[in-house]
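Visitor: Questions regarding the structure given below will be posed in turn.
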Amino acid sequence: QVQLAESGGGLVQPGGSLRLSCAASGTIFTIFTMGWYRQAPGKQRELVATITGGGSTNYADSVKGRFTISRDNAKNTVYLQMNSLKPEDTAVYYCNKFLQPYWGWGKGTLVTVSS
C-alpha cells in the first residue's frame, strides 16, 4: 500500500519562499509521473505542477515562473520549491500520481501566505 507524507508548509509573508517535500513509500516511485496539488478553502483541489520519472516538468499558469518541481528517485521524494508566494497560494498542498487512479491521499501540508 502506497503512503504519501507531505511536509514543509508553514506561515510565510507575501514574496517569501517555502520548500515542500513529499515522501512516497510502498511503490516503485521512478515509473510514475508525480504531481503537486493544492486545495484552498472552499475550492476544489487543483493540479499545480507535474514531473515525469525522467524529470520533464509542467506547471499551472498561476504558478509558472515562481514554483519549481523536482524529484529524487533514490529517496522516493518529490519537492516543490515555491518562491514569490502570494496570498492566493494559501492552501493545503498534496502530492500524488498525475494519472488516476490516485493513491490514497496524504494529510497534506498547509501553506499560509499572509502578512
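The values are calculated or read from the model by the stated rules, or taken from the named source; none is laboratory data. Given the structure is predicted, the values throughout are model-derived calculations rather than measurements. Cβ coordinates were reconstructed from backbone atoms using ideal geometry, including for glycine residues, and neighbour counts include every protein chain displayed. Just the protein is used for accessible areas: all its heavy atoms, side chains included, with ligands, DNA and RNA removed. Shrake-Rupley method; radii C 1.70, N 1.55, O 1.52, S 1.80 Å.
Let's see how each residue does on (1) more than 23 Å from Ser114 (Cβ to Cβ); (2) surrounded by 17 or more Cβ atoms within 10 Å (Cβ to Cβ); (3) at pLDDT 95 or above:
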{"residue": "Gln3", "(1), (2), (3)": "yes, no, no"}
{"residue": "Gly10", "(1), (2), (3)": "no, no, yes"}
{"residue": "Ala24", "(1), (2), (3)": "yes, yes, no"}
{"residue": "Thr27", "(1), (2), (3)": "yes, no, no"}
{"residue": "Ile31", "(1), (2), (3)": "yes, no, no"}
{"residue": "Leu47", "(1), (2), (3)": "yes, no, yes"}
{"residue": "Ala60", "(1), (2), (3)": "no, no, yes"}
{"residue": "Gly65", "(1), (2), (3)": "no, no, yes"}
{"residue": "Ser70", "(1), (2), (3)": "yes, no, yes"}
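Visitor: Do we have any residue at all in region 50-71 that's in contact (Cβ under 8 Å) with a residue 40 or more places away in the chain and out of contact with any strand residue (DSSP E or B) (no Cβ under 8 Å at 6 or more places or on another chain)?
Guide: no
Visitor: Could you please find all residues in region 95-114 being within 16 Å of Thr50 (Cβ to Cβ), open to solvent by less than 90 Å² (accessible area, probe 1.4 Å) and assigned to a loop (DSSP other than H, G, I, E, B)?
Guide: Phe98, Tyr102, Trp103
Visitor: Report every pair of residues separated by at least 6 positions or lying on different chains whose Cβ atoms are under 8 Å apart, first residue within region 10-29 and closer than 17 Å to Glu88 by Cα, second assigned to a loop (DSSP other than H, G, I, E, B) and among the charged types (D, E, K, R).
Guide: Every condition considered, the pairs that remain are Pro14/Lys86.
Visitor: Residue check: is Asn76 touching a residue at least 24 places away in the same chain (Cβ under 8 Å), more than 16 Å from Val111 (Cα to Cα), open to solvent by 20 Å² or more (accessible area, probe 1.4 Å) and of a type in the set (S, T, N, Q)?
Guide: So Asn76 passes the test.
Visitor: Here is a follow-up. Any residue in region 30-42 that is within 13 Å of Thr77 (Cα to Cα) and of a type in the set (Ser, Thr, Tyr) sitting within a Cβ distance under 6 Å of a residue that is part of a strand (DSSP E or B) and modelled with pLDDT of 95 or more? List the pairs, counting only those 6 or more apart or interchain.
Guide: From residues that are within 13 Å of Thr77 (Cα to Cα) and of a type in the set (Ser, Thr, Tyr), the pairs are Thr33/Thr50.
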